[in-house]
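The values are calculated or read from the model by the stated rules, or taken from the named source; none is laboratory data. Here the structure is a predicted model, which is why all the values come from computation and not from measurement. Cβ atoms come from the backbone with ideal geometry, glycine included; neighbour counts cover every protein chain shown.
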Amino acid sequence: MKTLTITRPDDLHLHVRNGAVLKTVMPHTARQFARAIIMPNLKPPVTTVDQAVAYREEILAAVPAGLDFTPLMTLYLTGSTTVDEIKKAAESEHIHAFKLYPAGATTNSDSGVANIKAVYPLFAAMEKFDIPLLIHGEVTDDACDIFDRERVFIDTCLTDVAKNFPGLRIVVEHVTTTEAVQFVQDAGANIAATITPQHLLFNRNAILAGGIKPHHYCLPIIKRESHRLALVEAATGGNPKFFLGTDSAPHLTSLKENACGCAGCYSAHAALELYAEAFERADALDKLEGFASFYGADFYRLPRNSGTVTLEKTAWKVPSVYGENGVSITPLKANEELSWKLQ
Ligand code: DOR
Ligand code: ZN
């Protein structure tokens, strides 16, 4: 049987929520990944080091016995974040970044930043204390077409941030366009990007053709085929600026299959298998280990993991839902066959 063994990977962009959902999803991530950058967009958001440290304990308590998993915590940047908190975060061994959500851009982003120029002094502090800034790169202007929001954000905002803070490490999260790939490639070594499995596997037809598919709806929204091809090229090209970040974002099935469905694809159940599928299609399985296990750790200045995981070329069917006792989460590729399986 065909197998692929790689160094244990990290997920550099993950939502695990809290409470019963956390208990449902945490085993999926912990069996695949050694570490994950945990997004802070809870209700209410995780804005202080003390809150993140408490959330970290809740996450660790949801990791099944015998699995070795380290949550890498982030703080949610708001207009009220203080320079003191940034310094404290940079000094904490548990906090690895700040996350910038433009206010209103996505799930639980109401407390995000309404005026990005107004928080430039906070970017200066992050640059000084050397803690990375993770950016959800979309404008929130209602008049801007949803398929253009990432490109316009790069032109009207990100380019200026990069110019003003040349020493600030920035991750442009979940890039979805040719323009974002180009921006990251052309930027200094301080700027990198994560890429999700859904943006490598699907184009926008997967949301809209043949009926509305709410489980393919996430933000930034999946774009047309030419963008998908640019993302595959970036992910499989061996460029250390591009690394794995699933953006796995669990929502209850009832809130996805809804007249106003939530944004987010749940992919943690089969994250590595989904990436393997995308890399195999591009005839680039030899590039998966760098993307999944090395480049993210290097960017965050973490030691690379020891130990390995092995994928086998074995078909298996993804369940229709995960969860129990009122929790029902529909995974990406529900009821469909995947060709790779984690041993
Ligand atoms: O689709 C998304 N879901 N995009 C985000 O930026 C947030 C995420 C979530 O938290 O559900
Ligand atoms: Zn996210």
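Under 8 Å between Cβ atoms, at least 6 apart or on separate chains: pull out the pairs that start in region 11-32 with a residue that is under 20 Å from Thr196 (Cβ atoms) and charged (D, E, K, R) and end on any residue that is more than 14 Å from ligand 1 (Cβ to nearest atom) and in a helix (DSSP H, G or I).
Asp11/Thr29; Asp11/Gln32; Asp11/Ala271
Under the condition of being at pLDDT 95 or above, over 20 Å from the mean Cα position of the chain (by Cα) and assigned to a loop (DSSP other than H, G, I, E, B), which residue from region 118-162 is nearest to Ala189 (Cα to Cα)?
Asp130
Scan region 100-115 and tell me whether some residue there is charged (D, E, K, R) and modelled with pLDDT of 95 or more.
Step one: list which residues in region 100-115 are charged (D, E, K, R), which gives 110.
Imposing the further condition that a residue be modelled with pLDDT of 95 or more reduces the set to none.
No, region 100-115 contains no residue that is charged (D, E, K, R) and modelled with pLDDT of 95 or more.
Looking only at region 22-54, count every residue that is more than 22 Å from Tyr101 (Cα to Cα) and not small (Gly, Ala, Ser) and tell me the total.
11
Does at least one position in region 179-188 carry a residue that is under 21 Å from Pro45 (Cα atoms) and away from ligand 2 (no atom under 16 Å from the Cβ)? Can you show your working first?
In the first step, residues of region 179-188 are kept if they are under 21 Å from Pro45 (Cα atoms); the result is none.
Scanning region 179-188, I find no residue that is under 21 Å from Pro45 (Cα atoms) and away from ligand 2 (no atom under 16 Å from the Cβ), so the answer is no.
Residue-by-condition table, conditions (1) under 21 Å from Ala124 (Cα atoms); (2) in contact with a helix residue (DSSP H, G or I) (Cβ under 8 Å, 6 or more places away or on another chain); (3) more than 16 Å from ligand 2 (Cβ to nearest atom):
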| site | (1), (2), (3) |
| --- | --- |
| Met26 | no, yes, yes |
| Leu42 | no, yes, no |
| Asp50 | no, no, yes |
| Glu57 | no, no, yes |
| Leu77 | yes, yes, no |
| Ala90 | yes, yes, yes |
| Ala103 | yes, no, no |
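Among (1) free of Cβ contacts under 8 Å to residues at least 12 places away in the same chain; (2) closer than 30 Å to Gly19 by Cα; (3) not charged (D, E, K, R), there is one condition Pro303 misses while meeting the rest; what is its number?
Checking Pro303 against (1) free of Cβ contacts under 8 Å to residues at least 12 places away in the same chain; (2) closer than 30 Å to Gly19 by Cα; (3) not charged (D, E, K, R), the one that fails is (2).
Here is a list of conditions, (1) among the hydrophobic types (A, V, I, L, M, F, W, C); (2) within 14 Å of Phe33 (Cβ to Cβ); (3) in a loop (DSSP other than H, G, I, E, B), and Val327 meets all of them except one; can you say which number that is?
(2)
Mind telling me which of the residues Ser293, Ser267, Ser254 ends up being within 16 Å of ligand 2 (Cβ to nearest atom) and either buried (at least 19 other Cβ atoms within 10 Å of the Cβ) or more than 21 Å from Arg31 (Cβ to Cβ) (or both)? Reasoning before the result, please.
On the way: Ser293 fails: within 16 Å of ligand 2 (Cβ to nearest atom); Ser254 fails: within 16 Å of ligand 2 (Cβ to nearest atom).
The unique qualifying residue is Ser267.
For region 128-138, give me each residue that is more than 16 Å from ligand 2 (Cβ to nearest atom) and buried (at least 20 other Cβ atoms within 10 Å of the Cβ).
Step one: list which residues in region 128-138 are more than 16 Å from ligand 2 (Cβ to nearest atom), which gives 128-131.
Across region 128-138, the qualifying residue is only Ile131.
Output the qualifying pairs, or none if there are none: Cβ atoms under 6 angstrom, residues six or more apart or on different chains, first residue in region 93-107 and farther than 17 Å from Asp298 by Cα, second residue within 13 Å of ligand 2 (Cβ to nearest atom) and assigned to a strand (DSSP E or B).
Taking only residues 6 or more apart or on different chains, the pairs are Lys99/Thr74; Lys99/Tyr76; Lys99/Leu134; Leu100/Ile135.
Please find, among Leu244, Leu285, Leu229, Leu252, the residue that is hydrophobic (A, V, I, L, M, F, W, C) and closer than 30 Å to Gly326 by Cα. Explain how you work it out, then say what you get.
Values: Leu244 fails: closer than 30 Å to Gly326 by Cα; Leu285 fails: closer than 30 Å to Gly326 by Cα; Leu229 fails: closer than 30 Å to Gly326 by Cα.
Only one candidate passes the filter, namely Leu252.
Which of the residues belonging to region 118-143 are out of contact with any Pro (no Cβ under 9 Å at 6 or more places or on another chain), within 15 Å of ligand 1 (Cβ to nearest atom) and free of Cβ contacts under 8 Å to residues at least 40 places away in the same chain?
none
Of all helices (runs of 4 or more DSSP H) completely enclosed by region 181-269, which ones contain at least 2 residues that are within 12 Å of ligand 1 (Cβ to nearest atom) and within 19 Å of the chain's Cα centre (by Cα)?
On the way: elements: 197-201, 205-208, 225-236, 253-256.
Result: 197-201.
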